[in-house]
Structures are given as C-alpha cells and as structure tokens.
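The structure appears right after this line, and notes come after that.
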Amino acid sequence: PPPPPPPPPTPVGTPVLWPPVQSFVPLPGGNVSVTPTSFSFCLRGGGSPAPTSPVLAAAFVRYATILFQGRPGSPLLACDANVPTPSVALSSTLRSLDVYIDSNDDNLTSGLANESYTLEVRGGSGANASGTVRAGTVYGAMRALETFAQLCTSARGNIGCTIRPVSVRDAPEYKWRGVMVDTGRRFWPVPTLKWLLNAMELNKLNVLHFHFSDFCRYAIESKVFPELTAGLTGLQGGVYTQDDVVELVEYAQYRGIRVVPELDVPGHARGLLPLEKAGLQFCEPADATRSQLYDDPTNHTFGVLTKLMTELAGLFPDPVFNVGSDETGVKGRCPLANTKNLESKVLDHVKNTLHKQPMAWVNALTTTKAAIPGTILDTWATVYGMPDVVTAAGYPCVASTYMYLNHVDGAAGSYSNYWRDIAPGVTPINKQRFMLGGEISMWTDDYSYTHQCGASSGPTPIAATMYGPQEDSTFAASLAGVMFPRTSVGAASLWNYQPELDPNSTVFVAHMRAQNARMIQRGLDTCPNDCVCEILTRCGTAYPNASLVEYTLL
C-alpha cells in the first residue's frame, strides 16, 4: 500500500512536538488556560471504578511539577467514571485532563508495551474547556502526558500555561527505541544514568541497553563472585551495588523505560579476569591481553557463566537478556567452532533455562553462526550484516548500525547522521514481522585510561584523563554535550521518521533548537544551542583537565 500522507503542517505559533506526532489537527475555539490552583489529572475508569497504577500516579505528580515549574497544585484526582465533572460556569480554564486507559497493568516485564494514544483539548465556542487522553496502557498514557506538557506553553514568569485546542493521534513506528550505554569501559555514575533516563522520557525512548561488562570492568556487584569487583578501586573505582541496580530498574520503569542487561561474552571478557581462579578459562591463557573465553571440555567456563547469568537474571526482570557475542576470532586454542559452541550454549541457557529471549550482536549470525531461533540480533557494522540480512534470515532485529554518538560529527546543528531510515532494503513484510526498532549508542572507548584497558595495543584514548571517579562531573558534562541534542534526533527517527523532512533545513534545525531549549528548561544538561560540543570541548572551551591531544573525528 502507498505510504500514509505526511501530517498537516504545524500552524504558526503552535509549540514544537518532539518526536513529531502522527496526526495533529487544530480544533476551533480559543486558548485554554491551565493553572496549578484549579487543574488536576483525572484518572477515569471508563464505566467502572478508576484503575490505579503507582507508575501512572507518579507520572501525574512529575508532569504537574513540569507544567507548573514546581509550584504546588493538585496533580492527581482519581475520579470514578460514574461521578460527573462538577458543573461550573462556562470557562476557558481546563480543570482536568481526563485519562482513560484500557488496562492498569504497569508491568514492563511483558515486553514491548503499546504506547499509542489520542489526546484532545477543546475550549471556547460556548463550551467548557475539556481535555481527554485515551490509551491502551499506562505507558501510552505517559507518552500522552509528555505531548500535553509540550503543548502547554507559558509566558515568561507565569506559573500556568495555555494550550490551543487540538486533536493528536500518535503511536511510535518502532516498539524498541533504545540507548546503549557502555559502562564496561568508563563507569557511569548513578546520577548520570538518572539524567539520561529523564532525557529519554522527554524524547519518548523506551529501552536502556545496559552494557556493563567489557574490557575494563564488570560493573555490577556479584554476591556469587565478590572477587569480580574487589579490585575496582582508585583509578578503576566504580561499581553498581545490587541495590543500585534495583533502584535504576524501578526509576526507569517509572519513566516507561525497560533496562536490558548485556553480559558481553565470549569476546570482550577481560573484565571477567578475576574469575580465572573460579574456573573461567581464556583462549590465550598466558597472554597479558587475553580477553576471549575458551569453551573447555570440562565445562568450567560455561559453569561459571551460568552462575553469573542466573544471578543477573534475578536482578533484571526484563524478558530479554543480551549476551554480546561480538568481535570474536580465531585465537590461541579457540578455533571458530569452539567459540560457536560456547555462544550456542549460552544462548540456549538464556532461552531454555532462564526462560528469557536471548539477544546478541549480529556477529552471532554472520561470524560464528551460533544464533538460535528467536535470538534478537543487533546490527552495528555494515561488514557484519545489515537489518536486511538479519530479517531475511528470519531473526528479530534491532538496528544500531548508524547512530554511534562517539563518532562525533563536530558540527553544530548537523543532524543527518541521526535522522534516517534505520531499515533500508528491508522488505515490507520482513519489516512488519522482524524489525523491532533501533538504538543510539554511546561507547566510552575514548574515555578509557589506556587503549581498550590493555586488551590490545594502541594510542592513549583522547579523554583518558576523564577515566577516574574524581572526574565524574567532567565526564558527565562531556557525555551530555556529545549525546544531546543528537540523541533527540535519533529518537525522532525511531518514533516517526518522515523522509520528506530535510535535517539540514531551517525548519528542522529550529525544531531541534526548541526541543533542546525544552531540555535545558527541565534542568537536563545538553549541548547549548549555537554551540559545537565534542568529547574534549564545549562551545570552544576545553573541559577541566581534558587532555588536548590531536585527534581525527571519526
């Protein structure tokens, strides 16, 4: 069938909605006022007592704070659908946003939630102002609250805001819209992850791909193998306690974001070196740079990994478990068949013992051919296979191929790398059946204290001086400048990509400036408008203690 027509142009003076919505229809009537003294979110049950959800209730409080700049108000009114709205004189003041949801189930462990919604605000023309949200799930309602907050504009110094009457119908093109964070090299402090989760909610992203093990560290406390993190002190300091993980998973859920863990094996396993005494074996046991695991005939390596995966499965409730499987090779005593066998056993353990859906990088299909049916494959380099290859082979696909944030483009307002079709060449039927979505990736190779933390030889990384925990604040600022607003553009590509929009056009850049200003208004660090932010500099000024070595932008 022909593609749907693009949404009508946004009327002059209408707030920018980001990501772009599927349908935006202005309605007749005058502006509607929203004030903290008279407005509430009203959760209605559609004919039965209103369902309750602590996740949605918390979102009401959070968005009331956003709307009214922290001023006191009455953010939540749990209204029974059988109780009519109080009769008042005709008013252009919106007294409630009535939220109807089909299910109050806010459990994200069932996987990819339905995030579609409709939002309608009416006012003036001889009728009371009214606002209505209809969604199938708690998380669809939460996306509607973000749109409502973006529609509600306030004059400088005003506590309340105004909305023009409008009807919005919206849903994401892709159900998997993620950000990959590499904490297996440079550790990301918990406050930095929370900053990112808040920024993700604003941009309607819904998956945090938590890459916590790599060459430099295994970043999560293990009570089964406490020696894993015992050496992470001083320059190497940085470990998430298990309580930290529980807190982060809940914090993400309350923003409609899943947390998918990645234990990267059998390659990139240098962070697991402390487990050699427990039986873990490497392909090149005498090599100081050893980082790839050996599938020994006595199953010692596999036995250690199963204990580790079982512990992690109890910490991360998400139904998907990522086991990496990228960049392996023929090394030492490990022919390709040895690596394939270990990867296949690990994937099978995830599926049939942990009862989760396995996920891996595309190399599990195209390098070792270890992928088992149902494995979600994440594409990342064209040489290893693109989404068309993965979907044609009948595997679910997540595309990370294009959006690597550490490959800094170096230009203010240069968004073409992130505004794109993530599934070129994928047939319509395969897109519908297998294309889950995509991810925006922030690798921290450039922040390591030495090249790949000793896994290979190479030049000192350009931001090596930001590696230690004493530089956490500088590291967080560098991340924010590199990641945003670029991530906002990528988020929009995953929500509602519109090929007719030119990312270099005046209109597109103006929209991104508005979204970036919105982030700043909400207290979220980002690269300021009219600035160039790179790994070592922001707006032309070097970060404190940044190692200003010469380097080539990738």
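The values are calculated or read from the model by the stated rules, or taken from the named source; none is laboratory data. Predicted model, so just to flag it, every value in this text is computed and none were measured. Note: ideal-geometry Cβ built from the backbone for every residue, glycine included; neighbour counts use all protein chains shown. The accessibility values were calculated without ligands, DNA or RNA, using every heavy atom of the protein model including side chains. Shrake-Rupley method; radii C 1.70, N 1.55, O 1.52, S 1.80 Å.
Once the Cβ-Cβ distance between VAL246 and ASN299 is put in as r, and R0 is 30 Å, what FRET efficiency do you end up with, to the nearest 0.05?
Efficiency at R0 = 30 Å is approximately 0.45.
Please work out how much length the chain gains when fully extended from THR65 to LEU501, using 0.36 nm per residue of separation minus the C-alpha to C-alpha distance, in nm with one decimal. Don't skip to the answer; put the middle values down first.
Details: separation 436, 0.36 × 436 = 156.96 nm, distance 3.30 nm.
In short, 153.7 nm is gained.
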(message) Heavy atoms only, 1.4 Å probe, whole protein assembly: order HIS211, HIS407 by accessible area, highest first.
(response) HIS407, HIS211
(request) Taking the Cα centre of the chain as origin, work out the dipole magnitude from +1 charges on Lys and Arg Cβ and -1 charges on Asp and Glu Cβ, in debye rounded to 20. (result) 1120 debye
(request) For helix 54-67, report the angle its Cα long axis makes with the longest principal axis of the Cα atoms of the chain; keep it between 0 and 90° and round to the nearest 10°. (result) 70 degrees
(message) At 7 Å along Cα-to-Cβ for each site, give me the label-to-label distance between ASP105 and ILE159 in nm.
(response) 4.1 nm
(message) With θ taken as phi - 60° and the coefficients 6.51, -1.76 and 1.60, list the Karplus ³J(HN,Hα) couplings across the stretch 531-542 in order, rounded to whole Hz; mark glycine and proline as x.
(response) 10, 9, 10, 10, 4, 9, 9, 9, 6, x, 10, 6
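Sort 365-375, 523-533 for me by packing, meaning the mean count of neighbouring Cβ atoms within 10 Å per residue, highest on top. Write out the running numbers ahead of the final one.
Numbers: 365-375: 18.5, 523-533: 16.6.
The densest-packed peptide leads the list: 365-375, 523-533.
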(request) Subtracting the Cα-Cα distance from 0.36 nm times the residue separation, let me have the gained length for SER38 to ARG433 in nm, one decimal. (result) 137.5 nm
(request) Can you figure out the FRET efficiency of ASN545 with ALA381, using R₀ = 35 Å and their beta-carbon distance, to the nearest 0.05? (result) 0.60
(request) Treating the angle as unsigned and between 0 and 90°, give the value, to the nearest 10°, between the Cα long axis of helix 190-202 and the longest Cα principal axis of the chain. (result) 50 degrees
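Determine, from the Cβ-Cβ distance of GLN521 and GLU227 and an R0 of 51 Å, the FRET efficiency 1/(1 + (r/R0)^6), rounded to the nearest 0.05. Working shown, then result.
Working: r = 46 Å, r/R0 = 0.90.
Once rounded, the FRET efficiency stands at 0.65.
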(request) List the extent of the Cα atoms of the chain along each of their three principal axes, largest first, rounded to whole Å. (result) 83, 52, 47
(message) Give me, ordered by chain and number, the residues 5 or more places off GLY324 or on other chains with an amide H under 5 Å from its own placed amide H.
(response) LEU263, VAL265, TRP361
(request) Determine the per residue accessible area of the stretch 91-248 with all protein chains present and a 1.4 angstrom probe, expressed in square angstrom. (result) 32 Å²
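Want the number for SER414 to SER456: 0.36 nm per residue separation, take away the alpha-carbon distance, what's left? Walk me through the numbers before you get to the answer.
On the way: separation 42, 0.36 × 42 = 15.12 nm, distance 3.29 nm.
Using 0.36 nm per residue and subtracting the Cα-Cα distance, I get 11.8 nm.
Which net charge results for the neighbourhood of TYR254, defined as the other residues with beta-carbon distances under 13 angstrom from its beta-carbon, given Lys and Arg at +1 and Asp and Glu at -1? Before the final figure, lay out each step's value.
Details: positive: ARG62, LYS194, ARG255, ARG258; negative: ASP106, GLU201, GLU247, GLU250.
Once all neighbours under 13 Å are counted, the net charge is 0.
Give me the percent of the accessible area of the chain that comes from carbon and sulfur atoms, probe 1.4 Å, all protein chains in place.
55 percent
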(request) Can you check how the C-alpha radius of gyration of the stretch 275-356 compares to 2.2 N^0.38 Å, as a plain ratio? (result) 1.11
(request) Would you mind checking which residues have amide H under 5 Å from ASP98's amide H? H placed 1.01 Å from N; only 5 or more apart, or other chain. (result) CYS42, GLY131, THR132, VAL133
(request) Write out the trypsin sites (Lys or Arg not before Pro) in the stretch 143-228 meeting two conditions: DSSP loop, and at most 16 other Cβ atoms within 10 Å of their Cβ. (result) ARG156, LYS223
(message) What are the ³J(HN,Hα) couplings of the stretch 420-436, residue after residue, when phi is run through the Karplus curve with 6.51, -1.76, 1.60 and θ = phi - 60°? Round to Hz, x for glycine and proline.
(response) 6, 6, 8, 10, x, x, 7, 5, x, 5, 6, 5, 5, 7, 10, 8, 6
(request) For helix 506-521, report the angle its Cα long axis makes with the longest principal axis of the Cα atoms of the chain; keep it between 0 and 90° and round to the nearest 10°. (result) 90 degrees
(request) List every residue whose amide H lies under 5 Å from the amide H of ARG258, counting only residues 5 or more places away in sequence or on a different chain, with H placed 1.01 Å from N in the peptide plane. (result) VAL207, LEU208
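To the nearest 20 Debye, how big is the dipole of the stretch 269-356 about its Cα centre, given +1 on the beta carbon of each Lys and Arg and -1 on that of each Asp and Glu?
Numbers: 10 positive and 11 negative charges, 23 e Å.
In debye, rounded to 20, the stretch 269-356 gives about 120.
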